[in-house]
Amino acid sequence: MVTRLSWDQVLRWRMRRHHLADDKAADPVAVARRVVGVHAQVAASAVTATNLRTGGTHQLDTLLYGERTLVRTWAARGTLHLLPADDFPHWVAAMSTRTRDKTNSWLRYNSVTAAQMADLLAALPDVLTDEPLTREELADAIITATGHRELKDRLTQGFGTILKPAAFRGLLCSGPPRGRNVTFVAPRRWLGDWEPVETGAAIDRLATDYLGAYGPATPEEFARWFDLTPALAKKSFRRIEGGLAPVEVDGTPMWLPEAHLKELPRKAAQRAVLLPAFDPYITGSTRQLERIGAAGHKAAVSRPQGWISPTVVVDGWVRGVWEPDTGEITWFGTIPATVRRTVQSLIDANLSTGG
């Protein structure tokens with residue numbers, strides 16, 4: 001039986017699932033687990049995103065590099081995320097399906113050969129330990145081990161493109177920064193070794209977790225969010241189908257974990273939030289922006305070069321974008337005066353405290 005839902009129901013539920021309503025998370029590790037990774041391309045945004053969801057202030061560096069209960073690495077969509085350390089083996093198993101670095105087009109685009117990539121990946125377990133290495137130090141160690149001096153520029157390039165395949169295989173993650181320099185460590189040495197996780201089981205767990213934060217959704221939306229082939233996403237949804245409920249959201253067929261259906265009809269008090277750039281609520285829903293309030297304004301939220309703007313969200317609906325430095329708001333459509341006043345008070349409080 002198909003359950004028919006409205007976006008209003010869905011978005012109020014998502015707000016609660018994202019700890020953006022009254023129910024706050026215990027700590028940033030719980031946040032990262034619930035939202036299936038906190039986007040960490042911009043460190044300040046990750047701090048704001050986790051503080052919003054806990055209602056407090058936490059030192060992410062302590063969790064990342066002291067307690068090591070969080071890990072920072074390239075993950076969903078090949079972008080930097082904060083992940084719970086004990087979930088890391090599942091991410092590695094699921095990311096092992098990414099073989100783009102073996103294709104001729106990827107190799108040509110990144111000016112590297114298959115043999116050079118194979119040598120680089122083979123050398124990493126020997127050159128990288130739990131002693132953090134800067135990008136320059138890591139490049140020198142790889143060159144010494146492989147003899148591929150011609151890779152120096154590629155290895156020290158800021159975006160780290162040819163290091164991402166190593167992260168996807170669980171061979172590399174972020175270490176504590178050294179001044180303004182990023183560092184890298186070997187996850188098995190930094191976090192402790194782990195038993196391999198079966199790939200299908202890992203994908204199924206991520207699919208279930210994704211639907212519990214960003215559902216209802218389709219296999220194609222899950223594939224896009226994670227960077228998985230649509231075929232593998234569809235196979236996963238078939239494997240977990242017994243725990244899913246078919247739903248229609250304003251006529252569009254989707255899936256939601258059945259356990260969450262009973263939570264959807266509940267109403268909540270009006271809730272407005274100011275989300276930072278790259279907030280998980282938005283990065284996990286970019287394929288649905290036109291349907292959740294940004295119709296005709298998607299380009300203002302999801303901008304060129306992958307930039308995700310700070311957004312104004314009211315009852316789960318994306319109602320505008322805002323500028324944290326000035327408080328300027330660009331509203332999407334006609335917004336009731338009461339909502340404008342509520343959001344303006346949030347803006348004023350944000351400016352008075354410096355964010």
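Annotations for the structure displayed:
- Here the contact order of segment 218-355, divided by its residue count and restricted to Cα pairs under 8 Å and six or more residues apart, works out to 16 percent.
- Rel. contact order, % - alpha carbon contacts under 8 angstrom, at least six apart, the chain: 19 percent
- Probe 1.4 Å - accessible area at Glu258, Å² to nearest ten: 100 Å²
- Kyte-Doolittle mean at least -1.0 and Cα axial length at least 20 Å: DSSP H helices in the chain: 199-214, 337-353
- With all pairs of different C-alpha atoms in the average, the Kirkwood value for the hydrodynamic radius of segment 91-156 is 12.9 Å.
- Once the Cβ-Cβ distance of Arg291 and Thr97 is raised to the sixth power relative to R0 = 25 Å, the FRET efficiency obtained is 0.30.
- With Rh defined as the Kirkwood radius, the inverse of the mean 1/r over Cα pairs, the Rg/Rh of segment 132-267 is 1.13.
- Filtered GluC sites (Glu not before Pro), segment 162-236: DSSP coil and at most 11 other beta carbons within 10 Å: Glu198
- Derived from the Cα gyration tensor, the three semi-axes of the equivalent ellipsoid of segment 203-355 are 31, 18, 13 Å, largest first.
- Dipole magnitude (debye, nearest 20) for the chain, charges at Cβ of Lys, Arg, Asp, Glu: 760 debye
- Probe 1.4 Å, protein heavy atoms only - accessible area per residue of the chain in square angstrom: 45 Å²
- Förster-model FRET efficiency, 41 Å R0, Thr79 and Glu248, C-beta, rounded to 0.05: 0.85
- Each residue, Thr199 and Glu258, gets one label point 7 Å from its Cα in the Cβ direction; the gap between the two is 2.9 nm.
- Over segment 258-338: Rg over Rh, Cα atoms, Kirkwood Rh: 0.99
- Relative contact order for segment 62-145, counting Cα pairs under 8 Å that sit 6 or more residues apart, in percent: 14 percent
- Within segment 161-175: backbone nitrogen closer than 18 Å to the Ala114 label point (7 Å, Cα to C-beta): 165-166
- The apolar share of the surface of the chain, taken as the fraction of accessible area on carbon and sulfur atoms (1.4 Å probe, ligands and nucleic acids excluded), comes to 51 percent.
- When the charge dipole of segment 66-209 is built from unit charges on Cβ atoms (+1 for Lys and Arg, -1 for Asp and Glu) and taken about the Cα centre, the candidate among Leu120, Ile203, Pro84 whose Cα reaches farthest toward its positive end is Leu120.
- Most tightly packed first, judged by the mean number of other beta-carbon atoms within 10 Å of their residues, the peptides 173-183, 315-325, 3-13 read 315-325, 3-13, 173-183.
- Computed E for Ile335/Lys152 - FRET, C-beta separation, R0 51 angstrom, nearest 0.05: 0.45
- Computed with the Debye formula from one identical point scatterer per Cα of the chain, without solvent, the log10 of I(q)/I(0) at q = 0.08, 0.11 Å⁻¹ comes to -0.42, -0.78.
- Dipole moment magnitude, nearest 20 debye, segment 122-165 about Cα centre, only Lys, Arg, Asp, Glu C-beta charged: 260 debye
- Reach of Lys234 by Cα under 27 Å, taken over lysines that are not fewer than 8 positions away in the same chain: Lys102, Lys164, Lys262, Lys298
The values are calculated or read from the model by the stated rules, or taken from the named source; none is laboratory data. Please read these numbers as outputs of a predicted model, since none were measured by experiment. Every residue, glycine among them, receives a Cβ derived from its backbone with ideal geometry; neighbour counts consider all protein chains shown. Heads up: the accessible areas ignore ligands, DNA and RNA and are worked out on the full protein's heavy atoms, side chains in. Shrake-Rupley method; radii C 1.70, N 1.55, O 1.52, S 1.80 Å.
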